[in-house]
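In what follows, a structure is listed as structure tokens, so that the remarks can point back to it.
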Amino acid sequence: ELEKEHRFTFTVISNQKPDFQLNSLRYIPWKKETEIEDLSKINIGLMPLKETPWAEGKCGFKGLQYMALEIPAVISPVGVNKDIVTDNINGILCTSDEEWKEALRRLINDRILREKIGKKGRETVLLRYSTAANKQIYLNLFK
């Protein structure tokens, strides 16, 4: 639906090519060596998850990667994602198809909003999830 309203490239970085068709689709095979470089070329990061026991146990790493790179993250409020993201501050949480479309419309149309959410996301990672932020916890493990 968004392809009818906007021009964009929908990049999927994965170990296998997606089985859906989009005019805007660009597939990049995931490679450990180029992962950060590949991610740094995108403007909006998506992490859609269905609420399943498997998804509940995921660590939110993909969202944290986006945030660390100042890429605004649009993610499902599943598992730890609800603790990582403060909605519309350091990321956007979406449940329904309409919420996803509206969040993407807003971010596609508003570069300043993308930058603001991206900066807050990076700030969150640095303050709560970086090795520097967790230094004392690590050191206490050895006491």
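Summary table
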read-out	value
Restricting region 84-120 to residues that are assigned to a helix (DSSP H, G or I) and over 22 Å from Leu2 (Cβ atoms), the residue that is nearest to the chain's Cα centre (by Cα)	Ile84
Subset of region 41-89 [touching a Ser or Thr at 6+ places or on another chain (Cβ under 6 Å) and of a type in the set (Ser, Thr, Tyr)]	none
Condition met for Phe8 (surrounded by fewer than 11 Cβ atoms within 10 Å (Cβ to Cβ) and of a type in the set (Phe, Trp, Tyr))	no
Odd one out for Gly79, checked against (1) outside any helix (DSSP H, G or I); (2) of a type in the set (Gly, Ala, Ser); (3) in contact with a strand residue (DSSP E or B) (Cβ under 7 Å, 6 or more places away or on another chain)	(3)
Given (1) open to solvent by 40 Å² or more (accessible area, probe 1.4 Å); (2) touching a residue at least 40 places away in the same chain (Cβ under 8 Å); (3) touching a Gly at 6+ places or on another chain (Cβ under 8 Å), index of the condition Ala68 fails	(1)
Tabulated pairs, region 108-120, first under 19 Å from Ile84 (Cβ atoms), second among the aliphatic types (A, V, I, L, M) and open to solvent by 60 Å² or more (accessible area, probe 1.4 Å), C-beta under 7 angstrom, 6+ apart or interchain	Lys120/Ile89
So Leu113, is it in contact with a Pro (Cβ under 9 Å, 6 or more places away or on another chain) and within 23 Å of Lys50 (Cβ to Cβ)	no
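Yes/no per residue for (1) of a type in the set (Gly, Ala, Ser); (2) modelled with pLDDT of 95 or more; (3) within 17 Å of the chain's Cα centre (by Cα); (4) not in a strand (DSSP E or B):
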residue: Arg7; (1), (2), (3), (4): no, no, no, yes
residue: Gln21; (1), (2), (3), (4): no, no, no, yes
residue: Glu33; (1), (2), (3), (4): no, yes, no, yes
residue: Asn43; (1), (2), (3), (4): no, yes, yes, yes
residue: Lys50; (1), (2), (3), (4): no, no, yes, yes
residue: Trp54; (1), (2), (3), (4): no, no, no, yes
residue: Cys59; (1), (2), (3), (4): no, no, yes, yes
residue: Met67; (1), (2), (3), (4): no, yes, yes, yes
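The values are calculated or read from the model by the stated rules, or taken from the named source; none is laboratory data. For clarity, every value in this text was computed on a predicted model and none was experimentally measured. In this analysis, Cβ positions are derived from the backbone assuming ideal geometry, glycine residues included, and neighbour counts consider all displayed protein chains. Side chains are part of the model used for accessible areas, which takes the heavy atoms of the whole protein and leaves out ligands, DNA and RNA. Shrake-Rupley method; radii C 1.70, N 1.55, O 1.52, S 1.80 Å.
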